[in-house]
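Input: a single structure, listed below in structure tokens.
The values are calculated or read from the model by the stated rules, or taken from the named source; none is laboratory data. Keep in mind that this is a model prediction, so the values were computed, not measured. In this analysis, Cβ positions are derived from the backbone assuming ideal geometry, glycine residues included, and neighbour counts consider all displayed protein chains. Just so you know, the surface numbers come from the protein's heavy atoms only, side chains and all, with ligands and any DNA or RNA stripped out. Shrake-Rupley method; radii C 1.70, N 1.55, O 1.52, S 1.80 Å.
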Amino acid sequence: MKPFRDARERQKSTVFVALLLFSLVLIVLQLWLFVAVLENLLSGHATMAIPAAGASAVILAIQAWMLLGVYRMDRQA
Amino acid sequence: MNERERGGFPIEWEMDGYVSRREFFKFMTLTSGGLAVGSASLAIWAAVPREKRTFEPKLIEGGAALAAGSALAFDYPRPRDICLLIRHEDGSYAAFSRRCTHLSCPVLYEPDRDRLYCPCHNGAFSARDGEVLQGPPPHALPRIELEVREGAVWAVGVRLAGETA
């Protein structure tokens, strides 16, 4: 049973790293959105602000969903 | 290791890295939350209608006597807001903030090329409308609204890039 459990742990670890990398990409995207909106506002353009806030909220929801998934994975272990 | 000692070390050594990655995931979600709150605040700030800024008119000393094809430095609306009054060859006036929209270096008037040049990073703006002609500036120079009253030139307002008159 132990080799099977080790393989499962390794698989879980790989999934975890993939989730973390995806999470990093999302954070960079969110940061880019925030800076772009700030620059636009400072130059007198406000049109981008609301769609960017929506996109940012969607990214947060994805992050929260992934975090819940991680906790669920832990409980199953 | 007995049960009592185990209570002080609830994580097995092999799982140590896994736990810190989980903590990192939590931190990433919190960061994402912070950025989402920041973006929402910006959207709210942008959506709130606000009154148009009003400016006190100010006489530009020496503006009326300015020769065609030359420029005069002045400040408006505050003493630290450096500006440039330009008189074109056709006799018309234009005035812009002197601060380059890239990194705030003061721009210089080049009458032969009818442009405002920023020597810091080779940025250039049109001397007609302040639009970016070349270089890194992200947007046009703020324009100073002018009025000619009984031959004297007055600064009466500031219009940022993208604002309509």
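Distance from the Cα centroid of region B:97-165 to that of region A:1-53 is 39 Å (rounded to whole angstrom). Over the Cα atoms of the protein assembly as shown, the radius of gyration divided by the Kirkwood radius equals 1.28; this is the Rg/Rh ratio. Quick one: helix A:49-76 against the long Cα principal axis of chain A, what's the angle to the nearest 10°, folded into 0 to 90? Helix A:49-76 and the main axis of chain A meet at about 10 degrees. Sorted from longest to shortest, the spans of the Cα atoms of chain B along the three principal axes equal 96, 36, 25 Å. Distant-in-sequence amide contacts of B:Leu146, defined by a placed amide H-H separation under 5 Å and a gap of 5 or more residues or a different chain, comprise B:Val156.
Peptide A:14-21 has a mean of 2 when you count, residue by residue, the C-beta atoms of other protein chains within 10 Å of its C-beta.
Relative to the first principal axis of the alpha-carbon coordinates of chain B, what is the inclination of helix B:16-47, with its axis defined by its Cα atoms, in degrees from 0 to 90 and to the nearest 10? Long axis of B:16-47 versus the principal axis of chain B: about 30 degrees. Between amide H atoms placed 1.01 Å from N, distances below 5 Å from B:Leu108 occur with B:Tyr117, B:Cys118, all of them 5 or more places distant or on a separate chain. List the residues of region B:27-61 that lose 20 Å² or more of accessible area once all protein chains are present, compared with their chain alone (1.4 Å probe, heavy atoms only, no ligands or nucleic acids). Residues shielded by partner chains are B:Met28, B:Thr29, B:Ser32, B:Leu35, B:Ala36, B:Ser39, B:Leu42, B:Ala43, B:Trp45, B:Ala46.
What per residue convex hull volume, in Å³, comes out for chain A when only alpha-carbon positions are used?
Spread over its residues, the Cα hull of chain A gives 58 Å³ apiece.
Loop exposure criterion: trypsin sites (Lys or Arg not before Pro), DSSP state outside H, G, I, E and B, at most 11 other Cβ atoms within 10 Å. Applied to chain B, the longest stretch between such sites is B:81-165.
With all protein chains kept in place, the per residue accessible area of chain A amounts to 66 square angstrom at a probe of 1.4 angstrom.
To the nearest hundred square angstrom, how large is the accessible surface buried between A and B, total for both chains, probe 1.4 angstrom? The buried area between A and B, both sides summed, comes to about 2600 Å². If you roll a 1.4 Å probe over the heavy atoms of the protein chains, what accessible area per residue do you get for region B:6-158, in Å²? For region B:6-158, the solvent-accessible area averages 58 Å² per residue.
Taking the Cα centre of the protein assembly as shown as origin and assigning +1 to Lys and Arg Cβ atoms and -1 to Asp and Glu Cβ atoms, the resulting dipole is close to 1000 debye. Shielding by partners for peptide A:22-35, expressed as the average number of C-beta atoms from other protein chains within 10 Å of each residue's C-beta, is 3.
By accessible area, using a 1.4 Å probe on protein heavy atoms only, the protein assembly as shown has 61% of its surface on carbon and sulfur.
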